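The values are calculated or read from the model by the stated rules, or taken from the named source; none is laboratory data. As the structure is a computational prediction, the values presented were derived from the model and not from experiment. Glycine gets a Cβ as well: all are built from the backbone with ideal geometry, and neighbour counts include every protein chain shown. Side chains are part of the model used for accessible areas, which takes the heavy atoms of the whole protein and leaves out ligands, DNA and RNA. Shrake-Rupley method; radii C 1.70, N 1.55, O 1.52, S 1.80 Å.
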Amino acid sequence: MSKLNKPLARNLMMSWLFLWSILLLVTASVVAASADQQGDVLSPTNMVHAASATNDPNTKTNTDNNQKKHLNPYFEGGGCLRTLLGDSDGYTNKLRVCNSNDPPEAATLGYCQNSPLLDYTEVRMAGQNWESNIISAWLLQIILSELLEVPTTIEVGVAGDHGGPGGSQLDFHNPDADYAYGGGDFRYGELVTAARVKDCGTLDRQASSDDYQACFHLAPEVWYEDRFGDTSVQLEGAEPPLELGALGYQSFYVIKYTAQNDTSLNSYLGMGGEQNRRKMAETFPRPTTWSEYCDQVSPTNCQTPDETATRPPATEEEKGYYFLQDGYHGHFRYTEQNDCDRYPLYCTGFFADLPCGWGSYASQQLYHNKIALASENPHDPAGGFNPTYMRQLYAAANYTQNNLMVYWPDLTILYHAFMGSPAEFTRVVLPEPTQECLEARVDPGKRCGRNDGTSTFEELVGEPKGACNAMTTSLKKVIGTALYDISFDPDTPEALWSPAYDVIHNFQITGPKLGQVLKSMSRRLPFKDDETYGLVLREATCEWAAENVDFLRSFLPPSHPRVVQDEDVSGHALFTSALVLGSLAVVLVLVSIVVTIVKKNTKVLYYTQPEYMTLFLVGLGFVGVGAIAMAAPPSDATCVSIAWFINIGYAIHLVPLLVRINAINNLATSGKQMQRVRLRLGNLYAVTLASVVIVGVYLVVWMLMDPPLEAFQYQLTGDVTEDGERIITAYDYCGSASVSSFTNEAFGDLFYMLSYTWRALIILPAGMIGIMSLRVREDLNDTRSMSMVLFVHTIVLVAGIIMSATGDFKSDLMGYASLALSADVLLSIAVYILPKFIYSGEELEAEPLPDVFVKTTIVLTDVVGFTAWCSVREPVQVFRFLEELYECIDVIAEKHSIFKVQTIGECWVGASGIPEARSDHAVRAAKFAMACMKRTDRLTKKLEIKFGPDTGDLTLRIGMHSGAVTGGFMKGKGARFELFGDTMQTATLIQQTGESDRIHLSEATASELINLGRKSWVEERESRLLTAQKGEIQTYWIARGKRDNATDSSSVGGFSVDSDDGDDELLEFASISESKQRWIQWNVGTFQELLKQIVARREVQASTRSSEFFQHSSEVSAEMPLEEVAEIIELPDFDKKAAKRQRENAGSVELSPVVVEQLRDYITGVAEMYNDNPFHNFAHASYVVMAVTKYMNRIRQAHEIDVGDDGERFRSSTLAAIHKHTYGVTSDPLTLFACLFSALIHDADHPGVPNATLIKENEVAAKRYKKRSVAEQKSFELAFGLLMESRFNLLRSTICCNDKELGRFRQLVINSVMATDLGDKELKALRNGRWEKAFVNAESSSSEEFKDITSIRSTTTSLRSSSKDNASMTASSTVSSLRLRSNSDDDMMALESALKDRRDTINRKATIVIEHLIQAADVAHMSQHWAIYRKWNERLFRECYKAYREGRSEMNPGDNWYKGEIGFFDFYIIPLSKKLRDCGVFGPTSDENLNYATNNRNQWEREGESITQSMLKAVEEEYARTDQAQHLETKPGGDFA
């Protein structure tokens, strides 16, 4: 930087740092001010005081003197215990906690309190339709909400808002003492709801009855275990049932005076049998409702009072009453059901059964004990009576002294109301229960289907052995798993965990205690339903609770109740030490900045760049200020400033550090280890400023969404208050607003975690880059000291994360974090800054000149056959192959200390003895070369599975030369470390004159190895080299044995290149050669990708699979495949949505393992069909598959295409444009699959001779296929027949989902395979005719055809418009209209015909393109790289010569091979290449085949004769050696040794 720019840069730097400081302070002030406006949330003590003041009854607002007076005194009194006990037991301040059912103004009026800190989640209990359940729920509600501040409500199964008729009816603290039995029909699925939502209070209580979701955490009392199954099996959403402590019993009871009058009614023996039917019918008359009495019995219809009814029923509800005190006293009468004279076999007496939803076995017991009683209530599905009507029935019977029998439980108000009176319940004896009887009980749930007939008679009465008496039931409580979750929420501090679970788990109440409450209720309760009903029940429960408060307190956990007190820890030694160390760090940073400015011209600081060091130190200064703020007493302002100072500080500090270390690494990776880094200050400032802005935006978002504020941590102590409350100590610290309110601690920690994350995203990559750059000389670039700084930062970062994640006391964590940040600052200065100050006194020197490295060995590796291999691959495959190869070589080079100089194409250049001199440089280079040779040989064979045939044939050619080189950096754009001198030129010469799969040594390198005791490694080359530069020289080889014994292993490309891992799949087919197994694996991978595209397209189009599709047989069709060749194959229309979704979804498709296995088995089966011919073998088939794949990819990647009707060419990459340009060939994945499939099978079971010879050799096949395309038709039938076998059903259905697709697939394969017959003149003439029709004649007529179609369309449109406009025509105009319509219909038919012709033209083009593409792929070697052509040309020559030697061919191929190849080029290959170019589907690459074919033809014309003679000589010598060996083996004596 110039002197003019340095002050300007410093001024800019200081300006934006000043601006950020101002922004930091302003934001901190704003957030602090907003936090101060949030109310009294700074201190737990303040919160408690504020809540107490709000809820103090002495501070109630009395502005409204007409405040509604609520009926429930325990609502206005703040709770049962507070109302009844008051000051006597210190309950004055025990104001109950509010719940979700309380009116919104309840807390304001002092009726309840909102717990400011012990913000426990509300507990909801099930309120069922019997009294003992409600008593247990009320007692638990008193314990939890009045003694422990746990909000508690009761679920009744219906919706309703605060105080309304639904949700809060059964709450003990209901304002108006409402009472209604809960829904008896809701099941334990509500526990699952609670397990899902956790907090039942979040559900909408005002929802409609259809939408409302019942939810509870606890069923306080459960009678029948069969409602939820075996108690040993845990329910979903529930824990195993626990004992409640009480025993319950329910069965038949008769009124005491009835039993005294007829003692036979005490037992089933006196009631059962036909002999007692009349007695039962006459003893138990049927009750009469009030309306029935008035309508059917009262002579005045109750208009005149009598002893039974004083008035008519006043409401619809009263009409159904059986008793109402002072209104209707009840009436019993004999009905037809009691008339045994009229119905001697069916008459019955009356009894009252339990209602639907309650468990009763009365029907089974009565029927099988032959007791003639029946319960009849048309308003209940089971014919039973709910508690209200049951009380009325019993009261009516008692009042009128009528006989009554009921089926009823003992733990009820009704049972205890008459206890000790003449009307008390008297138990009826039934057969003693046995285990066999209990197991034969009917399902009580079936009772509810009695009246509507949904339950059968057998389901209602069951088996006779189940008619025994009931057993005493041990009552249970069912606790939902959600209760544990809300009580011990891991996101809530442990000290604030709810005691609800422990209380409910421990709660037990015996039957006698429940009986006390029920008895008290019965004494208060008149037999009428009015607004006081719920009140008297609550009064009885509350009085019992007050009298037994010690019993209730026995269920409190040992550490409850609790109270919160705050603690100030800012004066502790930890925070004092942190404050001192933070101040020291800031002072040291300021001193370092001053020293940096003073000593900026010294050598070390100049090379390091003072501007960079200033940024480094300013960032540390901000971090130090943050450490001081962290050690100060927490407040909203300091919490905000901590976040800003630390994040901005690390941004200013770390980003320049990353920029510098990355620049050093770039030098290292490009071979510039000996060049100093010089950062461009403008770029450095820009990157740093951008990073600070990003961090600033993140901080602003943080401050707006969830600013860090003063928060508190709570610890339960062993201390207690005077009132016996355990003390929770609150420690203040900086936390997010959400954490401080415990509403979403995970969200609150998010921003702190993001702060750690972005620092880690800078520190960890920087550390990794630093490690990779350690080989850079420290005296040139301070890599090691920067790595030490990053190491310190990493330790501090990890320590911070660990402390945040595992620390118990967050207030102490702030102190430790402050110490860690201060230590981070001090250690960074000590490691990085102070050494530069100490050793900075030297004068500036010039940059070092290039060095001379005297003892080095240069290694050059080259891939033999790579250029030809690349010519048949896509660019991405070439790139990925080199990537994996170089990764392998780089790993070996690092292990052997070989310095990588550069790579040029497939040539890798390295040097041993650079940059550190080594005496064993030649040995290391030789070991490196041997390891490369061995490991790349295995690597290429493994990569053949990924990149296809011939990859395993690639080998290395390595050259080595030792000597002195000059090394240095060439300046200019793209500068890098270079080596110069004669040594480099000689090394290049040695490498270029080497041989495939050999390590070539110069004489100098061989001498080095011999001098170092490695003479056995060296092998002299047979002949001396004659070079233009050095004349004749002697060179050497690394002995093969030594190379093969070189061992080295590493993991490259995801697998070990020297282990046998990954070969398991190849060993599955032991009879198949290793190379063929690799080709099979490659084919499987290729076809698998296409299958995924087929499945993806099918999912988008929702194609359906035919139900009969699997029924296809594998029988050979009677029709020849050749006769099925079609002129036009109809391809699918373009579906834009499907094409787009297919491309997007194909990567996510997972094929069934069975499909993949069947695909592998099928390809293996096809491979086994191929004969071991030199040319027509499975390798050739795989090569054709690869050629088709390349052609298809070239078509799809063509981006300069004809899409305009005027022939204008322009670029378009849209799917629709590609579809139009390629005639739909590449738009349909099934078509692509068919083309590759055809390539795979087209030469299956090829005999190694042409069709003319095969017709002579195989008369059966010749007859079958009518002497035409015999080999091709046989290949198709064999391979396609294999596919149709049942063992490939799933594979076949994946390829084609219905018969239509299978038909199109078969047609494509037939056309493609038949197209490979080059010798059938008739087929060739047909193809040429189709070509002319598709591409020559069609082009000349397409323009006129388009004009005709356009004219027809416009004419039809105008005719239709004129017809619509003439809606009101005269008679004469109507005739004209009909004529117009006739003309319009004709034009429409013409349009449809023209459109069909146009579709046929497109499909004809697609069909002929596919056939020519397959033809081109079959002879692809003719139009590819010369080396590829020579390789396959020689194989075909060998196959023809083999047929000649075996007598299958009359002509020696050597006689006419040269001219035959020229003719084949001229009359087939070049014309075919021109057709591929002219069809236009290949875009810019359309000339590639033609160019290669023309070049190969010309080179063959020049060299073909000598090549032919050479091939002929080689094959004749080979057969001569074979003949000689066979002769010696058959010679008498056998042993020719």
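The figures follow:
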item: Relative contact order computed over region 1236-1333 (Cα-Cα under 8 Å; 6+ residues apart), in percent; result: 32
item: Rounded percent of accessible protein surface that carbon and sulfur make up, region 462-564, 1.4 Å probe; result: 49
item: Calculated FRET efficiency for the pair E1074/Q213, C-beta based, R₀ 56 Å, to 0.05; result: 0.30
item: Region 454-466 - phi-based ³J(HN,Hα) in whole Hz, Karplus 6.51/-1.76/1.60, Gly and Pro as x; result: 6, 9, 6, 4, 5, 5, 7, 9, x, 9, x, 6, x
item: GluC sites (Glu not before Pro) restricted to region 547-625 and DSSP loop, no more than 16 other C-beta within 10 Å; result: none
item: Rounded accessible area per residue of region 331-395, 1.4 Å, Å²; result: 38
item: Radius 12 Å from Cβ of I1010, net charge of other residues (Lys, Arg +1; Asp, Glu -1); result: -2
item: In region 917-1003, the GluC sites (Glu not before Pro) that fall in loop regions by DSSP, at most 13 other Cβ within 10 Å; result: E995
item: Fraction of accessible area attributable to carbon and sulfur, region 276-388 (%, probe 1.4 Å); result: 48
item: Region 1279-1286 - phi-based ³J(HN,Hα) in whole Hz, Karplus 6.51/-1.76/1.60, Gly and Pro as x; result: 6, 6, x, 4, 4, 7, 5, 5
item: Rounded Å value of the spacing that divides the Cα centres of region 468-537 and region 336-413; result: 30
item: Net charge of neighbours whose Cβ lies under 13 Å from the Cβ of T638, counting Lys and Arg as +1 and Asp and Glu as -1; result: -3
item: Amide proton proximity set for L956, modelled H, under 5 Å, gap of 5+; result: V864, D997
item: Gained length - V591 relative to T794, 0.36 nm times residue gap less alpha-carbon distance; result: 70.6 nm
item: Counted charge near F1467, where neighbours are those whose Cβ lies closer than 14 Å (Asp, Glu -1; Lys, Arg +1); result: +4
item: Prolate/oblate/rounded call for region 380-456, Cα gyration tensor, a/c under 1.5 rounded; result: oblate
item: By accessible area with a 1.4 Å probe, ligands and nucleic acids excluded, highest first: order of E1411, E307, E1168; result: E307, E1168, E1411
item: Rounded Å value of the spacing that divides the Cα centres of region 423-453 and region 888-923; result: 93
item: Cut-off under 5 Å, modelled amide H: who pairs with A352 long-range; result: M405, V406, Y407
item: Distant-in-sequence amide H partners of S267 (H built 1.01 Å from N, under 5 Å); result: V429
item: Accessible area expressed per residue, region 891-944, with surrounding protein chains retained (probe 1.4 Å, Å²); result: 33
item: Pairwise centroid distance, computed over Cα atoms, of region 1227-1305 with region 602-665, Å; result: 72
item: I1414 accessible area, 1.4 Å probe, all protein chains in place, Å² to nearest 10; result: 0
item: Karplus-derived HN-Hα couplings along region 494-502 (A = 6.51, B = -1.76, C = 1.60, θ = phi - 60°), whole Hz, x at Gly and Pro; result: 4, 5, 9, 5, 6, x, 4, 4, 5
item: Highest-first arrangement of 108-114, 137-143, where packing means the average Cβ count within 10 Å; result: 137-143, 108-114
item: Highest average packing first - 1492-1498, 708-714, Cβ atoms within 10 Å; result: 708-714, 1492-1498
